[in-house]
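The values are calculated or read from the model by the stated rules, or taken from the named source; none is laboratory data. What you see is a predicted model, and the numbers here were worked out from it, not measured in a lab. Cβ placement follows ideal geometry from the backbone for every residue including glycine, while neighbour counts extend to all protein chains displayed. In case anyone asks, the SASA skips ligands and DNA or RNA and just uses the protein heavy atoms, side chains included. Shrake-Rupley method; radii C 1.70, N 1.55, O 1.52, S 1.80 Å.
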Amino acid sequence: MTETTIKWIKIEQKHEALKRPFVTALHQVNEITAVRVRIGLANGYSGVGAAVPNEQVTGDILASMIVVMEQLIKPALLGQDVQNWNDLLEKLQRTIRGNTPAKAAFEIALYDLRAQLFQISLTTLLGGKPRQVTTDYTISLDKPAAMLTRAQKITAAGFSSLKIKLGEQQPAADILLVERIAKAVPTDISFRIDINQAWSVKQTLAAAAAWSAAKLKIDFIEQPVSATDLFGMQQLTAMAPFPIMADESVHSAQDALKVIQLHACDFVNIKLMKTGGLSQAQIINDLCQTAGIKCMVGCMIESRESIAAAAAFAAANTNVIYADLDSVFMSVPSAETGGFTIQGTSLLPSNDSGLGFRQKNSAKTNGSFPII
C-alpha cells in the first residue's frame, strides 16, 4: 500500500430543510436529500463529495443511489492509488451504466483529494483561480400571484437575473405571467425561461414572439421541448428570437456532440449530477467551446459539497458565462461552512487546498439569505 492508496470510504445521508418547496413541470422537491461521500488515503488526507438523486432527470432515487454507491462503486475504488488518475476515473465511470449522481459524488471527493495532494485549490486544479460566480435565482412553479411576489422579493434582495419556471398552466397564461413579472421588477433584471420540456415547438415560438414584441430582456429559453426532440430543438434554435439552451437533452459528451452537430441549441446547461462528475463536465464544456457554444453551470437542489465543486468549475472555465447555483440560497441557513463564501448574490470558491472543507469560516464571512 502506498501513501496515496484509498484506504477507506464512508457514505452517509444528509438532509437539509428548504425554506419552501421547489416545484418544476417535472417534479416537486421538499428538502435537500443528499448522500455525502468521504474518501480517505493511507497518508491521512481525505476528500468529500455529495450527490442528490432525481427520478425525473437522472433516473434514480435515494435508495437505489445508496445501493450503487455502497455495493458497486465503493468496492471498486477501495485499494486503488489516486496517482493512477486516468485509470481511476475510467474505473469509476465504467463501474455501472448511468447512475451519474452517484459517480459525481465520488469524482468530486477524488478531485478534492487530488487538489489537496498538489496543495492547490480545486479551481486552480481545474485551470483557473477562485473568482466570484454570480448566480441567478429560480422562481419555481406556484400560483401566478405568488410567483410575482417572489420575483419582487428576490430582486429586492439583489439578484439581477431570475430563472422563471413555466409549464404548469396553458402557454397563453405563462406568456402573460412573464410579462407581468417583468413589469413588476426593475427594468435591468434579465430573465431565463425554463420550460422543463412542457411545450411544443409551436407554443415556444408563439411565446418567444410575444416576449420579443414586449421587448423583454430574456437571456435564453431553456429546454422548452422534450429532451429527445432534437429536431424540435434544432427548429427553435434556427427560428426563435431568443437563444435556446439544452438541459435535459445533454447528459453526456455524446449528447453534446449530437446537439452540436444538429445545431440544436445556442447554449448548454452542464450539471455535475447529469454528467457523472467534473471529468465529463470538462469534456462537454471543451466540446461546446470548440463549437462556439457557451455554457451555464446549473444544479439540482443540492447540498454544499457539490455546489462548491460546481462553483469551482464555473470559476475555472471562461466558456461558462452563466451560473444557476441557487440551491444554497433556498435551504434553511445552517452552521455548515467551507467550499465557498457567499458574497451578495455570488459564490466565491475557496482558495484553500482542495474544496476547502477543512477550515471553518465564520458565519459572518460565510453569509446567508434568511430574508428570502
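A few notes on this one:
- Considering residues of segment 158-184 that are open to solvent by 20 Å² or more (accessible area, probe 1.4 Å) and polar (S, T, N, Q) only, the residue farthest from L26 (Cα to Cα): S160
- Residues in segment 41-60 that are over 17 Å from G276 (Cβ atoms) and either in contact with a Cys (Cβ under 8 Å, 6 or more places away or on another chain) or of a type in the set (A, V, I, L, M) (or both): L41, A42, V48.
- Reported count of residues in segment 148-178, each being β-branched (V, I, T) and within 17 Å of A209 (Cβ to Cβ), is 2.
- Hits in segment 31-72 (condition: among the acidic types (D, E) and assigned to a helix (DSSP H, G or I)): E70
- Any hit, segment 143-153, residues being within 30 Å of N317 (Cα to Cα), open to solvent by 60 Å² or more (accessible area, probe 1.4 Å) and without any contact (Cβ under 8 Å) to a residue 24 or more places away in the chain: no
- Within segment 83-132, restricting attention to residues that are open to solvent by less than 10 Å² (accessible area, probe 1.4 Å) and of a type in the set (V, I, T), the residue that is nearest to the chain's Cα centre (by Cα) is I108.
- Failed condition for S140, given (1) within 19 Å of the chain's Cα centre (by Cα); (2) open to solvent by 60 Å² or more (accessible area, probe 1.4 Å); (3) among the small types (G, A, S): (2)
- Some residue of segment 304-312 being closer than 25 Å to I195 by Cα and of a type in the set (S, T, Y): yes
- Among (1) at negative phi; (2) open to solvent by 50 Å² or more (accessible area, probe 1.4 Å), the one test that F242 misses: (2)
- Pairs are defined by a Cβ separation below 7 Å, a sequence spacing of at least 6 or placement on different chains, a first member in segment 89-105 that is closer than 13 Å to L278 by Cα, and a second member that is part of a loop (DSSP other than H, G, I, E, B) and open to solvent by 10 Å² or more (accessible area, probe 1.4 Å); the pairs so defined are T100/T58; T100/H251; P101/P53; P101/T58.
- Count of residues meeting criterion [more than 22 Å from P75 (Cβ to Cβ), hydrophobic (A, V, I, L, M, F, W, C) and surrounded by fewer than 19 Cβ atoms within 10 Å (Cβ to Cβ)] in segment 1-24: 3
- Filtering segment 43-55 to residues that are touching a residue at least 40 places away in the same chain (Cβ under 8 Å) and open to solvent by 40 Å² or more (accessible area, probe 1.4 Å) leaves N43, Y45, S46.
- Wholly enclosed helices (runs of 4 or more DSSP H) of segment 162-250 bearing at least 1 residues of a type in the set (S, T, N, Q), touching a strand residue (DSSP E or B) at 6+ places or on another chain (Cβ under 6 Å) and modelled with pLDDT of 95 or more: 230-239
- Residue, most open to solvent (accessible area, probe 1.4 Å), within segment 56-73, restricted to residues that are of a type in the set (S, T, N, Q) and without any contact (Cβ under 8 Å) to a residue 60 or more places away in the chain: Q71
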